[in-house]
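Here is the structure we will look at.
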Amino acid sequence: MIPPIEIKINLGTDVDGALSVLGCAESPAARRRIWFAESRADGPDGALALLGSGLVIRLRSGDLDDLTVKLRPCRRSQLMGRWGKPFTDTEVEYRVEDDWCGQRRALTASVLGVRPPGSLAEVARSGVDVTGALNSAQRQFLVTCTRPGVALDHLEPVGPIAATRWTGVRLGRLDLDVERWTAGGLDLLELAMRIAPIEGETPLELITRAAHAQRGFEAEVRRAGFPVLRGRTKTQRMLAALVRRPIER
């Protein structure tokens, strides 16, 4: 299996200006609220214990609700049994891909399950243990693929984050997905492009092609004058800000 590569660039200032340049301001967008499950135990960065262990549990609510369990980063050796390659069945969609942002590269594996509209917002507002919303496939994924020692009890939702997403956004010759997150005093914008393997392509050929695409992507962003955020991921920045204020119900 050769996983696709998603290349991301994060912007952190003058988000409205960037959206105007990209032509998103008046374009149709998907809007959702997002919560992440965390233990909120003591530790660095507001003690994002789950995120620090490489595990993300995300709840999204809008016209369509979904819950995602993601390992990022993960090792191929963690993906045992049926989790060795992507699949879709009646319960979940399972994805494996490489996540690139600047010099940071990470293999990710995620199990996404769709829920009725509004149901996950109700879970988040209720304050109950988020693990109760996981379906059987997501529980199996956690048992099979999560490293020992990750605390999965008594998780509570952190959020909400106001998320707005545009697809098919043009920047020069590039076709991008654009997502804005606003919460906790932060306003972040992520630009992303996906590089899918071509039939007959080797892993090295895909990586070489993706590296060339990443250089072109970064050059277009520089030409547009967008301010690039380096270092921590969008999720890390947002959760670090949110755990320092009360949870909204």
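The values are calculated or read from the model by the stated rules, or taken from the named source; none is laboratory data. Just so you know, these numbers come straight off a predicted model, no measurement behind them. Note: ideal-geometry Cβ built from the backbone for every residue, glycine included; neighbour counts use all protein chains shown. Heads up: the accessible areas ignore ligands, DNA and RNA and are worked out on the full protein's heavy atoms, side chains in. Shrake-Rupley method; radii C 1.70, N 1.55, O 1.52, S 1.80 Å.
Scanning for something assigned to a strand (DSSP E or B) and either open to solvent by 20 Å² or more (accessible area, probe 1.4 Å) or free of Cβ contacts under 8 Å to residues at least 12 places away in the same chain (or both), does region 217-239 turn up at least one residue? Full working, then the answer.
Within region 217-239, the subset assigned to a strand (DSSP E or B) is 228-229.
Applying the additional criterion that residues be either open to solvent by 20 Å² or more (accessible area, probe 1.4 Å) or free of Cβ contacts under 8 Å to residues at least 12 places away in the same chain (or both) yields 228-229.
Yes.
Can you tell me which residue within region 1-42, out of those that are in contact (Cβ under 8 Å) with a residue 40 or more places away in the chain and charged (D, E, K, R), is surrounded by the most Cβ atoms within 10 Å (Cβ to Cβ)?
Taking the candidates together, the pick is Glu38.
Hey, can you tell me all the residues within region 174-184 that are open to solvent by 60 Å² or more (accessible area, probe 1.4 Å) and outside any strand (DSSP E or B)?
Passing the criteria: none in range.
Looking at Gly159, Gly127, Gly149 in this structure, which one is within 16 Å of Arg33 (Cα to Cα), more than 18 Å from the chain's Cα centre (by Cα) and at pLDDT below 95? Walk me through it before giving the result.
Working: Gly159 fails: more than 18 Å from the chain's Cα centre (by Cα); Gly149 fails: within 16 Å of Arg33 (Cα to Cα).
After applying the criteria, what remains is Gly127.
Which residue out of Ala219, Ala192, Ala183 is in contact with a Pro (Cβ under 8 Å, 6 or more places away or on another chain) and within 30 Å of Glu26 (Cβ to Cβ)?
On the way: Ala219 fails: in contact with a Pro (Cβ under 8 Å, 6 or more places away or on another chain); Ala192 fails: in contact with a Pro (Cβ under 8 Å, 6 or more places away or on another chain).
One residue alone meets the criteria, Ala183.
Yes or no, residue by residue, for (1) part of a helix (DSSP H, G or I); (2) open to solvent by 30 Å² or more (accessible area, probe 1.4 Å); (3) under 25 Å from His212 (Cα atoms):
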{"position": "Pro73", "(1), (2), (3)": "no, yes, yes"}
{"position": "Trp83", "(1), (2), (3)": "yes, no, no"}
{"position": "Glu91", "(1), (2), (3)": "no, yes, no"}
{"position": "Tyr94", "(1), (2), (3)": "no, no, no"}
{"position": "Ala106", "(1), (2), (3)": "no, no, yes"}
{"position": "Ala109", "(1), (2), (3)": "no, no, yes"}
{"position": "Pro117", "(1), (2), (3)": "no, yes, no"}
{"position": "Ala121", "(1), (2), (3)": "yes, no, no"}
{"position": "Arg125", "(1), (2), (3)": "yes, yes, no"}
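If only one of Glu218, Glu199, Glu190 is in contact with a helix residue (DSSP H, G or I) (Cβ under 8 Å, 6 or more places away or on another chain), at negative phi and of a type in the set (Asp, Glu), which one is it? Give the derivation first.
Working: Glu218 fails: in contact with a helix residue (DSSP H, G or I) (Cβ under 8 Å, 6 or more places away or on another chain); Glu199 fails: in contact with a helix residue (DSSP H, G or I) (Cβ under 8 Å, 6 or more places away or on another chain).
Testing whether each residue is in contact with a helix residue (DSSP H, G or I) (Cβ under 8 Å, 6 or more places away or on another chain), at negative phi and of a type in the set (Asp, Glu) leaves just Glu190.
Hey, could you check region 155-173 for residues that are open to solvent by 30 Å² or more (accessible area, probe 1.4 Å) and part of a strand (DSSP E or B) and say which is nearest to Arg125 (Cα to Cα)? Give the derivation first.
Filtering region 155-173 down to residues open to solvent by 30 Å² or more (accessible area, probe 1.4 Å) leaves 156, 162, 165, 167-168, 170, 172-173.
Those still in the list that are part of a strand (DSSP E or B) too: 156, 162, 165, 167-168, 170.
Details: Glu156: 10, Ala162: 15, Arg165: 23, Thr167: 29, Gly168: 33, Arg170: 37 Å.
For region 155-173, the residue satisfying everything is Glu156.
Say we look at region 185-196 and pick out the residues that are at pLDDT 95 or above and over 17 Å from Arg165 (Cβ atoms); which of these is least open to solvent (accessible area, probe 1.4 Å)?
Result: Ile195.
From the list Glu190, Glu199, Glu205, exactly one residue is among the acidic types (Asp, Glu) and touching a residue at least 24 places away in the same chain (Cβ under 8 Å). Which is it? Let's see the steps before the verdict.
Numbers: Glu199 fails: touching a residue at least 24 places away in the same chain (Cβ under 8 Å); Glu205 fails: touching a residue at least 24 places away in the same chain (Cβ under 8 Å).
Answer to the selection: Glu190.
Go through region 83-114 and give me each residue that's in contact (Cβ under 8 Å) with a residue 12 or more places away in the chain and over 18 Å from the mean Cα position of the chain (by Cα).
Trp83, Gly84, Lys85, Asp89, Glu91
When the residues of region 127-154 are filtered to those that are of a type in the set (Val, Ile, Thr) and within 20 Å of Gly84 (Cβ to Cβ), which remaining residue is most open to solvent (accessible area, probe 1.4 Å)? Walk me through it before giving the result.
Taking region 127-154 as the starting set, the residues that turn out to be of a type in the set (Val, Ile, Thr) are 128, 130-131, 143-144, 146, 150.
Still in the running and within 20 Å of Gly84 (Cβ to Cβ): 143-144, 146.
Details: Val143: 123, Thr144: 46, Thr146: 26 Å².
The selected residue is Val143.
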